[in-house]
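See structure below.
The values are calculated or read from the model by the stated rules, or taken from the named source; none is laboratory data. This is a predicted model, so every value here is computed, not measured. Virtual Cβ from ideal backbone geometry, glycine too; neighbours counted across all protein chains shown. Keep in mind that these areas ignore ligands, DNA and RNA; they rest on the heavy atoms of the full protein, side chains included. Shrake-Rupley method; radii C 1.70, N 1.55, O 1.52, S 1.80 Å.
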Amino acid sequence: FCQFMDIEQAIAFEKKIKKWSQAKKLALIEGRYEDLPNFAKKNFGR
């Protein structure tokens, strides 16, 4: 979990996480923070 001093920041972060893939969310839950950047990379068929 994260703590925020500003409710607007908390809401923005929650909206950001809701757009993440299932795999990225699972990595966050399991504490595999080093894997998060790998899930952020998109493959555009190149």
Close pairs (6 angstrom Cβ cut-off, 6 or more residues apart or separate chains): closer than 20 Å to A40 by Cβ and in a helix (DSSP H, G or I) in the stretch 1-28, among the hydrophobic types (A, V, I, L, M, F, W, C) and open to solvent by 80 Å² or more (accessible area, probe 1.4 Å) anywhere: A23/F39; K24/F39
Criterion violated by K25 - all others in (1) at pLDDT below 90; (2) surrounded by 10 or more Cβ atoms within 10 Å (Cβ to Cβ) satisfied: (1)
Residue count, the stretch 1-32 (criterion: on the phi > 0 side of the Ramachandran plot and under 9 Å from the mean Cα position of the chain (by Cα)): 0
